[in-house]
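To keep things clear, I will list the structure first and then write my remarks on it.
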Amino acid sequence: MDSPLQFARANVERIVAAELPRSVRAKALAELIRSLRSYRWVGIYEVGTKSVAAIAWSGPDAPTYPVFPITGGLTSAAIRERKAIIVGDVRTNPRYLTALGNTLSEMIVALLDSGGNRVIGTIDVESEFARAFSEEHAAECEELAHLALPLWTFPSAPD
C-alpha cells in the first residue's frame, strides 16, 4: 500500500501538469500538503524582488498579509538562508508575522529556482499547536515543493 507521502508525490505531478489556471493548481497543492499531515493551514507564495505574495492557500481563513515586504516575517529568514525555517513557538519569535491569529508554530519552506540560485517561492505551514513541526516535516515539504517547481517557473495557464 502506498504511503501518504507516495500518494502526495504522485498527485503533485498531476497537479503541476493539469491545464488549469496557476491559482487553481496552487490551491490544489496547498490542499494536498495540508492533508498530508492534517496541517491546519498551508500557503503557497511567490517571492518577487521586493515583496512576497500569496498565490493560494488552504485553511480556515485567508492570510492576514497576502502581500508583504520581502524583508518581513519568518519568510525573510527562509529567503536569506535559502532553507526551511521551523519555529516551535511563534509567541517567542519577534520575526513572526501573523497569518492567522491563533498560530503557535510555523514552518516556512524556501523553494529555489532550478539553478539553485535564488528563492522564487515559499510554502508556509502553520499549526495551532506549539512545536508541531520537525525536520522530517520540512524535508517532506521541500520534496513536494521541488516536484511542484513548474508552478513557479512555468505558470502556463492564465488566471
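The values are calculated or read from the model by the stated rules, or taken from the named source; none is laboratory data. In this text, all values refer to a predicted model and were calculated from it rather than measured experimentally. Reconstructed Cβ throughout: ideal geometry from the backbone, glycine too, with neighbour counts over all protein chains shown. Surface areas here come from the heavy atoms of the whole protein model, side chains and all, with no ligands, DNA or RNA. Shrake-Rupley method; radii C 1.70, N 1.55, O 1.52, S 1.80 Å.
Would you be able to tell me the number of residues in the stretch 49-61 that are farther than 18 Å from Y96 by Cβ and part of a loop (DSSP other than H, G, I, E, B)?
3
Select, from S51, S76, S134, the only residue that is of a type in the set (S, T, Y) and either in contact with a Lys or Arg (Cβ under 6 Å, 6 or more places away or on another chain) or closer than 21 Å to S23 by Cα (or both). Before you say what the answer is, go through the steps one by one.
Working: S76 fails: either in contact with a Lys or Arg (Cβ under 6 Å, 6 or more places away or on another chain) or closer than 21 Å to S23 by Cα (or both); S134 fails: either in contact with a Lys or Arg (Cβ under 6 Å, 6 or more places away or on another chain) or closer than 21 Å to S23 by Cα (or both).
So the residue among S51, S76, S134 that is of a type in the set (S, T, Y) and either in contact with a Lys or Arg (Cβ under 6 Å, 6 or more places away or on another chain) or closer than 21 Å to S23 by Cα (or both) is S51.
All but one of (1) in a loop (DSSP other than H, G, I, E, B); (2) surrounded by fewer than 21 Cβ atoms within 10 Å (Cβ to Cβ); (3) modelled with pLDDT under 95 hold for R91; which doesn't?
Only one criterion in (1) in a loop (DSSP other than H, G, I, E, B); (2) surrounded by fewer than 21 Cβ atoms within 10 Å (Cβ to Cβ); (3) modelled with pLDDT under 95 is unmet by R91, namely (1).
What are the pairs with Cβ atoms under 6 angstrom where one residue, in the stretch 85-113, is within 19 Å of E135 (Cβ to Cβ) and of a type in the set (S, T, Y) and the other, located anywhere, is assigned to a strand (DSSP E or B) and open to solvent by less than 40 Å² (accessible area, probe 1.4 Å)? Sequence gap at least six, or different chains.
Close Cβ pairs satisfying both conditions: S105/S127.
Tally up the residues in the stretch 121-144 that are surrounded by fewer than 19 Cβ atoms within 10 Å (Cβ to Cβ) and of a type outside the set (D, E), please.
Of the residues in the stretch 121-144, 5 are surrounded by fewer than 19 Cβ atoms within 10 Å (Cβ to Cβ) and of a type outside the set (D, E).
For the stretch 94-119, give me each residue that is buried (at least 19 other Cβ atoms within 10 Å of the Cβ) and not in a loop (DSSP other than H, G, I, E, B).
S105, E106, M107, I108, V109, A110, L111, V119
Which residue, of E31, E46, E13, is open to solvent by 20 Å² or more (accessible area, probe 1.4 Å), part of a helix (DSSP H, G or I), modelled with pLDDT of 90 or more and closer than 29 Å to D89 by Cα?
E31
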